[in-house]
1. Looking at the range 432-454, I want the residues that are closer than 18 Å to Ile422 by Cα and have a partner that is among the β-branched types (Val, Ile, Thr) and surrounded by fewer than 17 Cβ atoms within 10 Å (Cβ to Cβ) with Cβ atoms under 6 Å, at least 6 apart or on another chain. Which pairs are those?
2. Quick one: in the range 460-497, which of the residues that are part of a loop (DSSP other than H, G, I, E, B) and within 17 Å of Ile554 (Cβ to Cβ) is nearest to the chain's Cα centre (by Cα)?
3. Determine the pairs where a residue that is under 14 Å from Leu441 (Cβ atoms) and in contact (Cβ under 8 Å) with a residue 60 or more places away in the chain, located within the range 384-409, has a partner that is surrounded by fewer than 18 Cβ atoms within 10 Å (Cβ to Cβ) and among the polar types (S, T, N, Q) with Cβ atoms under 9 Å apart, the partner being 6 or more residues away or on another chain.
4. Answer yes or no as to whether Arg295 is closer than 23 Å to Ser367 by Cα and either outside any loop (DSSP other than H, G, I, E, B) or at pLDDT 90 or above (or both).
5. Looking only at the range 40-91, count every residue that is assigned to a loop (DSSP other than H, G, I, E, B) and at pLDDT 75 or above and tell me the total.
6. List pairs: first in the range 238-264 and surrounded by 16 or more Cβ atoms within 10 Å (Cβ to Cβ), second β-branched (Val, Ile, Thr) and assigned to a loop (DSSP other than H, G, I, E, B), Cβ under 6 Å, 6+ apart or cross-chain?
7. Which of the residues that make up the range 477-507 are of a type in the set (Ser, Thr, Tyr) and surrounded by fewer than 17 Cβ atoms within 10 Å (Cβ to Cβ)?
8. All but one of (1) in contact with a strand residue (DSSP E or B) (Cβ under 6 Å, 6 or more places away or on another chain); (2) surrounded by 15 or more Cβ atoms within 10 Å (Cβ to Cβ) hold for Asn429, so report the exception by its number.
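The values are calculated or read from the model by the stated rules, or taken from the named source; none is laboratory data. The shown structure was predicted, so the numbers you read here are calculated from the model rather than taken from an experiment. Note that we place each Cβ from the backbone using ideal geometry, even for glycine, and neighbour counts take in every protein chain shown.
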Amino acid sequence: MDNIVIPKYLVIKILNYIPKFMYGNRAYYHKFIQGISLVCKDWYGLISNLRGYLIYVETAKDYKQYQTINNDIGYRFDVTLNNDTIDLYNRGPSDLDQHTESIYIHEIDYKRYPIIRNSPKLYQMVINHLVNENEPKEIEAIQKLISTKNTVRNIELLYITVNPQGSQVRHRKLNIAKDLSNLENLEKLMDFQLLASYLEVSGLEYLARLPILTVINLRTITTTVESFQQLMEYSYSLKEVTLERVTLLGYQEDDVMAILNLSKLLKKVSLTFSSYRLERFINYINNCRSLETVRIDGAVDSQGFNGGITNSTIHSVYMNTDSKLTYRPLIFHWSTQSALREIASSELPTSQYIKDYHPHCNTLKYSELNHQENFKNLCDIIELPQIHSVQIGYKFSGSVQTLLSSMALNYNLYDINLDFPIDFASICNLITFNQASLKNLSFSYCRGWDIKTFVYSLQQNHHLNKIWIANVQITNQGRESMKDYLQEVCNIINNNPTINHLKLASPSYSPKLTQPLLSQFETTIKNNIERLYSLRIVSQNTPQIKSILNNYQIQN
């Protein structure tokens, strides 16, 4: 067979994909990096392009540790500039600059604000600033920071939070949006917050000049309707908008929905209001045919509305309300076949309605049980082959056995998440169903417990990737000793090769652990490190175990 030559750019793409499967496993990732760098000279040169592991530099100690690093290390750096690290940064360039991808500027006195150096990999900046008595000068310092075109020209993601503390400045305009228009590579303006009603953001329309701006999140800001309208109308790249308590001077909160319709490319919208009209919301989603995901929070006024939804592009819609008015959930309002892939509701239609109007839905999130009819509909929907994921909230009070029987009849279920208290025997029964499709099981509350029975149940299942039990409730008996608990955890890890994520509520008491037990645990981790992503198995009062997990960079 002839040798196949793979182009270098394709090799890079393949290698960049691999670290996604090693998330949280720094020790194995470092071993992987070293191994592929020895394949040949060209591969050694490719390592500088393979960036897959993130290191947080948050203290002066961290900063000093990574000031001098080798170019062939495939790590990424997230650097925090605070009162502990700012002096080290201001001293001048370091090797760290060449590998820094994110800078977080956190509550530094405006007089110590840095001049951001040219970092070729820098793509994200977070500015979190508390404004005090010298507000105009402090705001000016922020504006100067983001308008330094030559040093932050590569910024793709920008987060800005300005929180005035005790400032008494009267209402005035803030022209910071115009400065943002200098960042030609800006793709996402995230969490742009001005936590003061007297600061009016002017010039939002300048953001429409940014050629690749796809995401904008505006929170607690005040602006004019004209400025916001021009932004929506003339931005030809926006795909995602979040508006949280945005005030349009002289207009009602939910008037922004009519303005959002000026943008014909929006795919994802999240809205938070004090109150809004249901009729206006449904009119909006009917008229915006590009929408795929929409979330709305706030008190809803549904009086006088009986219209239907005709949107056929939305994949996910979430409606959270504190309204005391009664109205039917949105899933009942569709008058044509929807594209919904997820349903989140406290009231459910029949399974036939789901098949007729929501045939693409594969995820069910059910919050509470209001009456018996809902429970029957819930079980019937779970049995539908189209349902792959089920999440049931903590207010559930129906028959657990009937619920589990319905789950056992669906051979396409992939993920089950139960937030309500469930008895230990039912959990073991669900595990021993051993359905080939079922990969993830999560329980918030387990009533009763026997560690050996639990381990035996897992040994009967050959398909689970994730098992989570967040809390164990026992009334008349105590938990096993920490020694017995850790030994059984080792048995789970060694004898269940498909499990990558394990979360168990540990015994509350943690005596000093013996060295043989710690050695057994570390050997277990070392022997299975290539497949372990997260082990949340002990609390903070078991530092020896957490130290082992941290040494092998296992999430815990």
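1. Trp449/Ile474
2. Asn465
3. Here the result reads none, with nothing in the range 384-409 linked to a residue that is surrounded by fewer than 18 Cβ atoms within 10 Å (Cβ to Cβ) and among the polar types (S, T, N, Q).
4. Answer is yes for this residue.
5. Counting residues in the range 40-91 that are assigned to a loop (DSSP other than H, G, I, E, B) and at pLDDT 75 or above gives 10.
6. Filtered contacts from the range 238-264: Lys239/Thr214; Arg245/Thr220; Val246/Ile221.
7. Matches in the range 477-507: Ser481, Thr498.
8. (1)
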